[in-house]
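**Student:** Mind looking over this structure? Questions follow.
Rule-based calculations on the coordinates, nothing more; no lab input. For clarity, every value in this text was computed on a predicted model and none was experimentally measured. Heads up, the Cβs are rebuilt from the backbone with ideal geometry, glycines too, and the neighbour counts pull from every protein chain shown.
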There are 2 protein chains.
Amino acid sequence: MESKRVGKYIVFSKRGEPKQVLETHDVEIKPVSPKKVMVEIMYAPINPSDLLQIKGEYPNFKKRAQLTTTSAKSVEGHVAGHEGVGRIVEIGSEANAKDKLGEKIEVGDWILPRSMGTVGTWATHIELSPSDVIVIKNKKGLTPAKVGSVVVNGATAYLMLDSIVKLNPGDYIIQNGANSGVGQLVIQLAKLWGFRTINIIREHKNGNNETEVYLKKLGADIIIKEHELESAETKKIIKNLPGPLRLAFDCVSGPAAASLARILPNRCVFVNYGMMSGVNSIAVDVPLLIFKDIKVCGFWLTHWYRENSLEDWLKVWNHLFDLLREDRIVAQLAEPFNMFDLESKSSFQSRLLDAIYSPKKAALVFTSKL
Amino acid sequence: MESKRVGKYIVFSKRGEPKQVLETHDVEIKPVSPKKVMVEIMYAPINPSDLLQIKGEYPNFKKRAQLTTTSAKSVEGHVAGHEGVGRIVEIGSEANAKDKLGEKIEVGDWILPRSMGTVGTWATHIELSPSDVIVIKNKKGLTPAKVGSVVVNGATAYLMLDSIVKLNPGDYIIQNGANSGVGQLVIQLAKLWGFRTINIIREHKNGNNETEVYLKKLGADIIIKEHELESAETKKIIKNLPGPLRLAFDCVSGPAAASLARILPNRCVFVNYGMMSGVNSIAVDVPLLIFKDIKVCGFWLTHWYRENSLEDWLKVWNHLFDLLREDRIVAQLAEPFNMFDLESKSSFQSRLLDAIYSPKKAALVFTSKL
């Protein structure tokens with residue numbers, strides 16, 4: 001008698017604080033449906049947008065899943081997680097074994113789920129249509145951690161630098177949350193493309209400068225502590241930059257965002273792409289809008305994916321994959337939380353919450369077979 | 001013996017509330033300097049930007065004037081007022097009697113001061129270089145009140161409709177302060193150009209609908225009371241518009257601006273051009289920026305004038321003059337305060353303050369010789 005395959009699913013049936021609403025369920029993984037492929041998720045980063053979605057502060061496109069647990073309990077809810085890289089473990093007998101781009105799908109291939117938001121990646125197994133996967137045929141130089149930060153954070157950094165204003169070499173960008181996944185990639189891509197970065201970071205409680213050293217290593221030109229943002233010293237730095245400061249990226253929102261806006265020079269474009277402070281509004285001083293001609297806008301990757309073709313997505317992804325392969329950029333630092341090799345449901349749940357509430361960027365790793 | 005010409009100047013030496021800082025001075029008007037022309041201001045509207053400047057919430061470009069009053073007191077300060085239309089009353093013996101565009105300058109000609117902000121218009125007389133005036137040779141169909149609302153409010157309405165997004169016939173614009181000078185012109189120009197307007201007005205204390213009737217007469221398509229802005233009814237109106245709502249104009253700032261932003265559909269551009277509420281910041285909800293892709297910017301006419309040629313200014317002005325001549329639009333409603341025909345300095349001062357604190361739009365009229 002064959003042993004049953006049991007998968008783990010991380011599900012929320014109602015919105016709220018992750019520790020209150022996230023449930024983990026054991027589900028028997030049946031053999032793949034004839035027209036589908038079975039994907040084992042290898043690596044899924046925990047991104048701020050995942051948490052916003054769970055909390056209900058993010059538009060919801062995901063279909064609710066119907067799961068039957070191994071204890072025969074029926075569960076309905078959303079499988080969490082926007083980003084992840086998986087591996088093909090089974091191909092349905094009648095499946096057209098080609099991905100959306102016509103690439104042949106084989107067992108062992110690494111894939112990215114194509115649709116953003118309709119599939120939750122925080123699960124060991126997901127069954128997909130062949131047309132909903134993108135095969136990464138050339139794995140050379142890649143790791144799941146590298147691939148796993150391209151579709152959300154990598155693309156966000158890339159497109160914010162590339163699609164909002166036309167930057168010229170020597171131009172400056174300023175960003176808060178510089179140590180975030182996106183922030184790290186902004187620094188590296190800016191360096192590669194000849195732009196310069198001013199990076200706002202929080203002061204560590206113990207005063208150490210580990211983050212500062214790391215971001216400098218990535219190519220950060222200037223680092224400013226958050227509490228020094230509106231100081232005379234910072235204003236002097238901004239005033240005397242050798243190139244124009246054209247773009248500001250804000251992933252913090254709230255008072256930190258208002259401070260950032262306040263130090264910008266004329267004509268700078270202020271782009272919000274997150275609410276890490278948990279505050280969901282920014283008090284914009286009107287004189288900045290009128291007299292300094294600051295423009296305030298948002299960047300949402302989902303809009304970009306909706307409005308551009310798969311070929312355009314691939315251009316960005318492949319460019320990032322190549323840069324990662326050649327070690328011209330490094331993937332965001334993320335602490336991997338091994339979600340395999342656990343004995344009880346409660347230990348899975350507690351490790352999940354450790355990962356979610358980790359002060360460092362974290363990622364869920366669902367398999368040892370990398 | 002010739003009688004002396006005495007002029008009135010409205011001056012502020014320090015910034016603050018108009019009633020506290022505005023001073024009016026009697027000054028002997030000497031014969032014009034050989035290379036200058038003497039202009040008698042006929043009509044100067046009181047615009048919100050004038051008051052902001054006096055209060056110190058507006059960048060200051062004006063040169064401080066040195067005046068010697070008839071009582072031999074020396075006064076140094078800024079002559080208030082950004083906009084006005086004047087009449088040439090004297091031409092210097094050595095003046096090149098041509099304006100900036102080469103038009104001949106003659107006594108009796110109506111002129112607009114060319115430089116925005118360096119000349120204060122709240123005075124009976126100003127001496128200018130011929131190159132600092134624009135002669136309006138064809139006065140046919142014009143009045144000082146018509147000419148006096150083109151350079152600031154007319155041009156603001158015109159350019160906000162014309163230069164921020166490319167609007168198509170059938171598109172909607174929403175604006176608060178719809179009864180302001182700019183608001184009235186936005187309604188009329190939008191109507192002429194095939195756009196449609198949603199107009200937010202305050203409820204009159206006595207519940208009368210005078211404003212509503214007047215704005216409808218100007219061509220307003222939809223009128224909404226400020227306190228009903230976030231109602232289900234308004235949301236339904238916005239949802240069911242037969243054309244896209246593309247632009248929002250805010251001259252109020254503060255909570256009213258935040259409310260306006262909140263009801264906008266995806267992709268709408270929110271433009272602030274004033275702070276009539278006295279609050280100088282707007283709390284922008286981040287989900288509007290990210291998920292609805294609302295862009296927030298300011299419009300400042302001074303930028304536009306700086307960045308465009310005199311020929312471009314004239315295109316806008318002449319277009320507006322023609323529309324006013326042909327009665328295709330009407331000038332903003334403004335109550336004229338006659339500043340001539342007053343006996344004592346104190347009555348001039350008190351009439352000035354009546355004009356400034358009038359609940360209606362007001363204009364200063366310095367001469368009966370129209």
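**Student:** How far, in nm to one decimal, is A:SER74 from itself in the other copies if the label point is set 7 angstrom along Cα toward Cβ? Shortest first, please.
**Tutor:** Spelled out, the distances from A:SER74's label point are 9.4 nm.
**Student:** Just want the answer: with Cβ charges of +1 for Lys and Arg and -1 for Asp and Glu, which residue in B:PRO48, B:GLY194, B:THR69 is farthest toward the dipole's positive end in chain B?
**Tutor:** B:GLY194
**Student:** When all C-alpha to C-alpha distances in chain A are sorted into bins of 20 Å, what percent of pairs does each bin hold, rounded to whole numbers?
**Tutor:** P(r) for chain A, in whole percents per bin: 28, 55, 16, 1.
**Student:** Post the alpha-carbon centroid distance, segment B:1-62 to segment A:210-237, in whole angstrom.
**Tutor:** For segment B:1-62 versus segment A:210-237, the Cα centre distance is 47 Å.
**Student:** May I ask you to report, in nm to one decimal and beginning with the shortest, the distances from A:ASN318 to the same position in the other copies, taking label points 7 Å along Cα-to-Cβ?
**Tutor:** Shortest to longest, the spacings are 5.4 nm.
**Student:** Follow-up. Kindly give the semi-axes, whole Å and largest first, of the ellipsoid equivalent to the protein assembly as shown, taking each as the square root of 5 times a Cα gyration tensor eigenvalue.
**Tutor:** Values: eigenvalues 798, 143, 99 Å².
Rounded to whole Å, the semi-axes are 63, 27, 22.
**Student:** Okay, moving on. May I ask for the Rg/Rh ratio of segment B:151-303, computed from Cα atoms with Rh as the Kirkwood radius, given to two decimals?
**Tutor:** Working: Rg = 14.2 Å, Rh = 15.3 Å.
Result: Rg/Rh = 0.93.
**Student:** In a Gaussian network model over chain A where Cα atoms closer than 10 Å are linked, find which of A:HIS125, A:HIS319, A:HIS78 has the largest mean-square fluctuation.
**Tutor:** Fluctuation is largest for A:HIS319.
**Student:** Follow-up question, since we're still on this one. Give me the one-decimal Kirkwood hydrodynamic radius in Å for segment B:282-356, with the sum taken over alpha-carbon pairs. Numbers along the way, then the final one.
**Tutor:** Values: mean 1/r = 0.0571 Å⁻¹.
Hydrodynamic radius (Kirkwood, Cα pairs) of segment B:282-356 is 17.5 Å.
**Student:** For B:PRO265, which inter-copy label distances result when the label point lies 7 Å beyond Cα on the Cα-to-Cβ vector, reported in nm to one decimal and in ascending order?
**Tutor:** Here the equivalent label points are 3.9 nm apart from this one.
**Student:** Take the alpha-carbon centre of segment A:120-139, take the same for segment B:106-156, and report the distance between them in whole Å.
**Tutor:** Taking the Cα centre of segment B:106-156 as reference, the centre of segment A:120-139 is 69 Å away.
**Student:** Compute the label zone of A:ARG202 within segment A:244-288: residues whose backbone N is under 20 Å from the point 7 Å along Cα-to-Cβ.
**Tutor:** Within reach of a label on A:ARG202: A:249-261, A:272-283.
**Student:** What distance in nm lies between label points placed 7 Å from Cα along the C-beta direction at B:LEU101 and A:LYS140?
**Tutor:** Roughly 6.8 nm, to one decimal.
**Student:** Which trypsin sites (Lys or Arg not before Pro) in segment A:261-370 sit in a loop by DSSP (not H, G, I, E or B) and have at most 11 other Cβ atoms within 10 Å of their own Cβ? Please list the in-between numbers first.
**Tutor:** Numbers: sites: A:ARG262, A:ARG267, A:LYS292, A:LYS295, A:ARG306, A:LYS315, A:ARG325, A:ARG328, A:LYS345, A:ARG351, A:LYS360, A:LYS361, A:LYS369; in loops: A:ARG267, A:LYS292, A:ARG328, A:LYS360, A:LYS361, A:LYS369.
Qualifying residues, ordered by number: A:LYS360, A:LYS369.
**Student:** Further question on the same structure: Between A:ASP293 and A:SER368, with labels modelled 7 Å along Cα→Cβ, what's the label distance in nm to one decimal, could you check?
**Tutor:** 6.2
**Student:** Would you kindly compute the Cα radius of gyration of segment B:238-370 and its largest Cα-Cα separation (Dmax), both in Å?
**Tutor:** Every Cα atom of segment B:238-370 included, Rg and Dmax give 20.2, 62 Å.
**Student:** Additional query: Pick from A:PHE299, A:PHE249, A:PHE340 the residue whose mean-square fluctuation is largest in a GNM of chain A, springs joining Cα atoms under 10 Å.
**Tutor:** A:PHE340
**Student:** Using Cα-Cα distances under 8 Å and only pairs 6 or more residues apart, what relative contact order does segment B:151-303 have, in percent? Present the calculation step by step, with values, prior to reporting the outcome.
**Tutor:** On the way: 270 pairs, mean separation 32.2, N = 153.
Across segment B:151-303, relative contact order equals 21 percent.
**Student:** Modelled label-to-label distance, B:LYS225 and A:GLU226, 7 Å Cα→beta-carbon offset: nm?
**Tutor:** Label at B:LYS225, label at A:GLU226, 4.4 nm between them.
**Student:** Which pairs break 18 Å Cα to Cα here: B:LYS166/B:LYS239; B:LYS63/B:LYS360; B:LYS100/B:LYS137; A:LYS315/B:LYS292; B:LYS104/B:LYS137; A:LYS98/A:LYS369?
**Tutor:** Over 18 Å apart, Cα to Cα: B:LYS166/B:LYS239; B:LYS63/B:LYS360; A:LYS315/B:LYS292; A:LYS98/A:LYS369.
**Student:** Can you name the residue in chain B whose Cβ lies closest to the B-to-A rotation axis, and give that gap in whole Å?
**Tutor:** That would be B:VAL296, 2.
**Student:** Report relative contact order for chain A in percent, whole number only (criteria: Cα-Cα under 8 Å, sequence separation at least 6). Intermediate values should be presented prior to the final figure.
**Tutor:** Numbers: 726 pairs, mean separation 59.0, N = 370.
In percent, rounded to a whole number, it is 16.
**Student:** GNM, chain B, Cα, under 10 Å: largest mean-square fluctuation among B:VAL286, B:VAL37, B:VAL186?
**Tutor:** Of B:VAL286, B:VAL37, B:VAL186, the Gaussian network model singles out B:VAL286 as fluctuating most.
**Student:** Where does helix B:310-325 land angle-wise versus the long Cα axis of chain B, in degrees 0 to 90, nearest 10?
**Tutor:** That helix lies at roughly 80 degrees to the long axis.
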